[in-house]
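The values are calculated or read from the model by the stated rules, or taken from the named source; none is laboratory data. None of these values were measured; they are calculated from a predicted model. Cβ: placed from backbone, ideal geometry, glycine included. Neighbour counts: every protein chain shown. Surface areas here come from the heavy atoms of the whole protein model, side chains and all, with no ligands, DNA or RNA. Shrake-Rupley method; radii C 1.70, N 1.55, O 1.52, S 1.80 Å.
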Amino acid sequence: MKPAPFDYVAPTTIEEACAVIAEAGGGATVMAGGQTLMPLLNLRMSQPFIIVDINKIAELKGVSRGAGVTRIGPMLRQCDAITSEALARDLPVLVQAVRHIGHHQTRNRGTVGGSIALGEPAAELPATAVALNATIEVRSTAGTRKIPASEFYLGPYMNTLQPDELITGITFPDWPKGHIPLFRELAQRPGDFALVGIVGALVVEAGKITRAGIAWFGMGPTPIKAKTAEQMLVGQSLDTLDIQAVAESAIADTAPFDDQHASAEYRRTVGKRIFASALREALKTGEVA
Ligand SMILES: Cc1cc2nc3c(=O)[nH]c(=O)nc-3n(C[C@H](O)[C@H](O)[C@H](O)COP(=O)(O)OP(=O)(O)OC[C@H]3O[C@@H](n4cnc5c(N)ncnc54)[C@H](O)[C@@H]3O)c2cc1C
């Protein structure tokens, strides 16, 4: 299959990209790593007038520190996120999550921003952003907006981006040194999209959980904040914590679906199990701050 004809531009600045996107009046599509966009173009499921290739915009690349935050440029390749020392130090669970995205080949091109924008319900990165209360910075010729990740997703592959907006940064608030990463997913084969997954971070101080940020993926039309579990965990002391009870309650926040890969009931059953085992393992191996 060949894509429908389109114009192509490769701007070198954010301003230039925003101007082209605005001028196209909703007819432009941004290309980052192309790992999802190219198949959509070839299948003619996406037929934009103009492709705006953002691979040449240096401002969109890299990882930087701000006051109390880590900022990731949307054009950070997934393979570079895995080898980033800053991310391994400050956001270890994000590195763990990215290791589970696709394959070496797809991670060599696929970007952090492309995955965040796409909003695949079973994707690791959108759920990581929701779990860790990240903020998504978007820009257009009209200005900049900052959107909490928990408000960014509206449905499968649907987000709050306006047609003329470009994601220009994803900002994660700091977690204290020694916080405990929490990650587990079940997929039929390595590299497949997860059937069910859980991601997040915990802080344990003096034997008590003082902070928890957790989200589900593959358990509903969007990444889902595990609010009930977070509320149940914070304030709990480790020696009286009933992990199974938390896992049972955590499922209440989810809205799994039947599809050709698994039934909603299967996802609920497996969801409880991987939540409990991930939490048990994290608290067993985790450092105490
Ligand atoms: C075989 C295979 C297996 C995969 N397995 C997984 C998996 O297990 N888990 C997973 O999470 N993903 C998986 N993916 C998806 C892939 O890894 C990428 O995460 C995904 O394609 C998005 O990244 P990209 O940079 O390639 O974006 P593109 O394909 O370039 O773009 C995706 C969408 O995001 C939009 N977009 C991109 N950047 C921006 C921006 N800065 N601002 C606004 N909109 C933007 C594009 O317009 C497009 O609509 C897989 C892909 C393949 C081909």
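Residues His100, His179 ordered from highest to lowest accessible area at a 1.4 Å probe: His100, His179. Would you mind classifying segment 1-98 by shape? Square roots of the alpha carbon gyration tensor eigenvalues, ordered a ≥ b ≥ c; an a/c under 1.5 is rounded, otherwise it is prolate if a/b is larger than b/c and oblate if not. Since a/c reaches 1.5 but b/c is at least a/b, the shape of segment 1-98 is classed as oblate. Pairs exceeding a 32 Å alpha-carbon distance, out of Lys227/Lys284; Lys56/Lys272; Lys146/Lys177; Lys2/Lys272: Lys56/Lys272; Lys2/Lys272. The packing ranking of peptides 234-240, 16-22, 216-222, highest mean first, is 216-222, 16-22, 234-240, where packing means the average number of other beta carbon atoms within 10 angstrom of each residue. Counting only protein heavy atoms and using a 1.4 Å probe, the accessible area of Thr254 comes to about 20 Å². Between Ala187 and Thr144, the simple label model (points 7 Å from Cα in the Cβ direction) yields a spacing of 3.3 nm. Taking the DSSP beta bridges with both ends in the chain, the antiparallel portion is around 85 percent. Once the Cα atoms are used to define both axes, helix 264-285 deviates from the longest principal axis of the chain by about 70 degrees. Rolling a 1.4 Å probe over the protein chains gives Asp53 an accessible area of about 20 Å².
Relative to the longest principal axis of the Cα atoms of the chain, the long axis of helix 14-23 lies at roughly 70 degrees. Using a/c under 1.5 as the rounded threshold, could you call segment 7-53 rounded, prolate or oblate? The axes a ≥ b ≥ c are square roots of the C-alpha gyration tensor eigenvalues, and prolate needs a/b larger than b/c, oblate otherwise. Cα axes put segment 7-53 in the oblate bin. Here the chain is treated as a Stokes sphere of Kirkwood radius computed over C-alpha pairs; at 37 °C and 0.692 mPa s its diffusion coefficient rounds to 168 µm²/s. A simple spin-label model places pseudo-atoms 7 Å from Cα toward Cβ; at Ala86 and Val9 they are separated by 2.9 nm.
Per-peptide packing, taken as the mean over residues of other Cβ atoms within 10 Å, places 135-145, 115-125 in the sequence 115-125, 135-145 from highest down. Within the full protein context, the accessible area of Tyr266 is estimated at about 100 Å² for a probe radius of 1.4 Å.
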